[in-house]
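Remarks on the structure that follows.
The values are calculated or read from the model by the stated rules, or taken from the named source; none is laboratory data. Small disclaimer: the values here were computed from a predicted structure and weren't measured. Please note: Cβ atoms are built from the backbone with ideal geometry, for glycine as well, and neighbour counts cover all protein chains shown.
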Amino acid sequence: MSVRRWLAHLGRSRGAGSRRPVEASVDRRGDGRPDEWLARTESGAVAQAVLPARISRMVARLHTRGYAALYLHAGMSPAGTCWRYEIGVLGANGAWPGGAAIVTDSVGPVGSVAWSRVAAEPTTLAADFERTYGSALRPARADVTAYADWYARHLAELDAHEFPIFFADGPAPHAHWLAEAPGYRG
């Protein structure tokens, strides 16, 4: 799902108490700098919409830092307003999800992640994640895993502001990736 589509959905679902709708255009100038438009929203919904894409890329950064046995399993909440995710260590024989979960959380139009700033870039998110969950992250140390290769290949298919959605109440745009996912047990 792209940030633009998610913001359009959030704009339609905001309550009567909101002062103005969330902007659905995330890159009106075409310069690709999302932090420029963070300040243009009252609710921080754009910052939250950018976060799933950045968390997705953070996992790839952690793979390159030597945590190749780390997995991300993510999808949308039933209402479609929150991106739910689990980051954990691959189980026996590379099984996921359901290995040793490090963090299970959701990102929606309100809130933040406890382990980093909302607007942080993937490299900063990775450093903050490593600092916060260092001992839980140690078992994910591996040079290469089939999962990390699969993840990198599919993440490269996404635009900079897109994020994977493996499950949802409606069609999940990336559920078909799971058919070839090493170790997936869904």
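Do the conditions hold for T123, that is, is it of a type outside the set (A, V, I, L, M), over 21 Å from C82 (Cα atoms) and out of contact with any Gly (no Cβ under 9 Å at 6 or more places or on another chain)? So T123 fits the description; yes.
A residue that is assigned to a strand (DSSP E or B) and in contact (Cβ under 8 Å) with a residue 12 or more places away in the chain can be found somewhere in the stretch 163-171. Of the residues screened, R61 is not one that is assigned to a helix (DSSP H, G or I) and either among the aromatic types (F, W, Y) or without any contact (Cβ under 8 Å) to a residue 24 or more places away in the chain (or both). For Y71, the test of being in a strand (DSSP E or B) and touching a residue at least 40 places away in the same chain (Cβ under 8 Å) is passed. Residues in the stretch 154-186 that are among the acidic types (D, E) and surrounded by 13 or more Cβ atoms within 10 Å (Cβ to Cβ): E162 alone. Among the residues of the stretch 127-153, how many are surrounded by fewer than 16 Cβ atoms within 10 Å (Cβ to Cβ) and touching a helix residue (DSSP H, G or I) at 6+ places or on another chain (Cβ under 7 Å)? Of the residues in that region, 2 qualify. Restricting G91, G80 to residues that are at pLDDT below 90 and of a type outside the set (A, V, I, L, M, F, W, C) narrows the list to G80. Against the list (1) among the basic types (K, R); (2) within 24 Å of V50 (Cα to Cα); (3) touching a strand residue (DSSP E or B) at 6+ places or on another chain (Cβ under 8 Å), the condition R141 fails is (2). Flag: L158 matches the condition of being within 21 Å of G75 (Cβ to Cβ), touching a helix residue (DSSP H, G or I) at 6+ places or on another chain (Cβ under 8 Å) and modelled with pLDDT of 90 or more. All conditions but one from (1) surrounded by fewer than 20 Cβ atoms within 10 Å (Cβ to Cβ); (2) touching a Phe, Trp or Tyr at 6+ places or on another chain (Cβ under 7 Å); (3) not polar (S, T, N, Q) apply to W96; the one that does not is (1).
Taking the stretch 139-162 as the range and being in contact (Cβ under 8 Å) with a residue 60 or more places away in the chain and outside any helix (DSSP H, G or I) as the test, the residues that pass are R141, A142, D143, V144, T145, L158, D159, A160, H161, E162.
Across the stretch 116-128, the qualifying residues are those that are in a helix (DSSP H, G or I) and over 13 Å from the mean Cα position of the chain (by Cα), and the one among them that is nearest to D105 (Cα to Cα) is D128.
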